[in-house]
Amino acid sequence: MHYFIVLAYNEEQNLPRFFTSLKVVASSFNAPFRIVLVNDGSTDGTVAVAEEFQKVMPIHIEHHPHNLGVGQGFRTGFRSALSMATDGDIIFTLEADNTGDLSLLHEMLAKINAGADVVLASCYAPGGALRGVSFERKVMSSGINLVMRILFPITRCHTYSSFYRAYRSAVLKQAAARFGDRFIQSDGFTVAAEILFKLRRVHATVDEIPMVLQFDERKGRSKMKVWRTIMNYISFLSREVIAEILFRLGRN
C-alpha cells in the first residue's frame, strides 16, 4: 500500500492539477494507494475541491480548525497514515502546489525497493536546480542547507529541507516509537530537517534523486515568510546541536 501525505492550506487553485497528476502516477504503480490530505484551516475552496476528487480517487481528509502550520500538519498526517499503514507500506510526503515533478515518484520508489529507508527529491543534488525562486529565498535555502550539511553530514543527502520524500513505514514507526511526542517538535518549515535528523538517529539509510524545484508552476503566493523561517532555523539548529552531542554521548 502506498500512502501520500499532502499538506494543503488555501490550495484551491493548485489542487485540481495536482490531484489529476497524482492519480495518473499513483495508479501506474499497480498497487493500492490512499491520499491523506491535511487541510490546515483553509479558508478558500480547498475542501470542496478535495471532496469532488474523492469521487474518483481514495482521499482521506484530516481537518485543522484553523491554520496550525506545517509542523502540526506533518504530525497530523503521519499519525493518520501510520495508524493505517503496515511495516511493508511506503509513505510519500508531497506539497500540493505543483512545484515538484510527480513523475519522480517512480525513481524514488525504485530506490526504496533497492534498500533505502528514506529517499529525498533534492534540488541541491547534482542535476537538481531551482526555477522561478526569488533571489532572497534562493540565498536563504542554499545557505541553510549548506550549514546543515556541515553540522549534520548525511551520506547521499544534499537537501535537508525538501518535503518531497518517500519513507518506509517501518522506519517511521521505529522513530515514532523511540522519540514519542518528541518525534516532531517543530511548528514551522524546520520540520523537514527535524524528521531527517530523528531518522538519522535510528540509523535510517538515506538516498536522493535530483529534482528541479519548479516554483513558477504554483498558483498563488508561497506561505513561507523568509525572515521568520531564518530565525526559526537558528533556534532549531541551536537545539539540534545539543541533541546531536547528547546522541553521540548515548543520552538521546
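Picking from residues in region 212-229 that are modelled with pLDDT of 75 or more and exposed (fewer than 13 other Cβ atoms within 10 Å of the Cβ), the one that is nearest to residue 18 (Cα to Cα) is 216. Yes or no: region 124-134 includes at least one residue that is more than 23 Å from residue 242 (Cβ to Cβ), of a type in the set (Phe, Trp, Tyr) and under 17 Å from the mean Cα position of the chain (by Cα). Checked region 124-134: at least one residue is more than 23 Å from residue 242 (Cβ to Cβ), of a type in the set (Phe, Trp, Tyr) and under 17 Å from the mean Cα position of the chain (by Cα).
Within the bounds of region 139-147, is there any residue that is within 30 Å of residue 83 (Cβ to Cβ) and surrounded by fewer than 15 Cβ atoms within 10 Å (Cβ to Cβ)? No, the conditions are met nowhere in region 139-147. When residue 171 is tested against (1) surrounded by fewer than 17 Cβ atoms within 10 Å (Cβ to Cβ); (2) without any contact (Cβ under 8 Å) to a residue 60 or more places away in the chain, exactly one condition is not met: (1). Confirm whether residue 176 is in contact with a Ser or Thr (Cβ under 9 Å, 6 or more places away or on another chain) and either in contact (Cβ under 8 Å) with a residue 40 or more places away in the chain or of a type in the set (Gly, Ala, Ser) (or both). It is false that residue 176 is in contact with a Ser or Thr (Cβ under 9 Å, 6 or more places away or on another chain) and either in contact (Cβ under 8 Å) with a residue 40 or more places away in the chain or of a type in the set (Gly, Ala, Ser) (or both). Once region 103-116 is narrowed to residues that are among the small types (Gly, Ala, Ser) and surrounded by fewer than 21 Cβ atoms within 10 Å (Cβ to Cβ), the residue that is nearest to the chain's Cα centre (by Cα) is 103.
Taken across region 53-73, residues that are among the acidic types (Asp, Glu) and more than 17 Å from the chain's Cα centre (by Cα) do not occur at all. Just so you know, in region 69-102 the residues that are out of contact with any His (no Cβ under 8 Å at 6 or more places or on another chain), acidic (Asp, Glu) and within 19 Å of residue 33 (Cβ to Cβ) include one that is surrounded by the most Cβ atoms within 10 Å (Cβ to Cβ), and it is 95.
The values are calculated or read from the model by the stated rules, or taken from the named source; none is laboratory data. Just so you know, these numbers come straight off a predicted model, no measurement behind them. So basically every Cβ, Gly included, is an ideal-geometry build from the backbone, and we count neighbours across all protein chains shown.
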